[in-house]
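What follows is calculated from the coordinates using simple rules that are stated; it is not laboratory data. Quick caveat: nothing in here was measured; it's all calculated off a predicted structure. Please note: Cβ atoms are built from the backbone with ideal geometry, for glycine as well, and neighbour counts cover all protein chains shown.
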Amino acid sequence: MASKKNIKKDINYLTYEVVSDCYTFMYLHPDKSKGKAEKIIEDIIKTREELIARVNKIEVKDKKEIKQHFNKIYEDILNKTDESFTELSKLTK
């Protein structure tokens, strides 16, 4: 099982990649919809806060359930990151 520290680092890394790409988009395309890019940033930051809270608060005691808990967190951040990048790529068209 990965440590909480590493899971938080992964969450932060993926979140900051989305935020960075959104700011790059806004810089390179000032004429395109800036509000939608800002909405993507707000959503990913909100998701980050929720996931960090879930990492810090483990309600289960069984090792198998703890592993499932962390696997679900990884799955959620990967899905949300993919969704955010997809939304951002739609803005570039």
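Give the stretch 71-87 a look and list any residue that's in contact with a helix residue (DSSP H, G or I) (Cβ under 6 Å, 6 or more places away or on another chain) and of a type outside the set (Lys, Arg), or say none. Correct list: Ile73, Ile77, Thr81, Ser84, Glu87. Can we say Glu38 is in a helix (DSSP H, G or I) and surrounded by 12 or more Cβ atoms within 10 Å (Cβ to Cβ)? Against the criterion (in a helix (DSSP H, G or I) and surrounded by 12 or more Cβ atoms within 10 Å (Cβ to Cβ)), Glu38 qualifies.
Checking Leu88, Leu78 one by one, the residue that is crowded, with 16+ Cβ neighbours inside 10 Å, out of contact with any Leu (no Cβ under 6 Å at 6 or more places or on another chain) and in a helix (DSSP H, G or I) is Leu88 and no other. Annotation: of all residues in the stretch 55-70 being in contact with a helix residue (DSSP H, G or I) (Cβ under 7 Å, 6 or more places away or on another chain) and within 30 Å of Asp21 (Cβ to Cβ), the one that is surrounded by the most Cβ atoms within 10 Å (Cβ to Cβ) is Phe70.
Per the conditions (1) touching a residue at least 60 places away in the same chain (Cβ under 8 Å); (2) touching a Ser or Thr at 6+ places or on another chain (Cβ under 9 Å); (3) under 17 Å from Tyr13 (Cβ atoms), the sole criterion not satisfied by Asp76 is (1).
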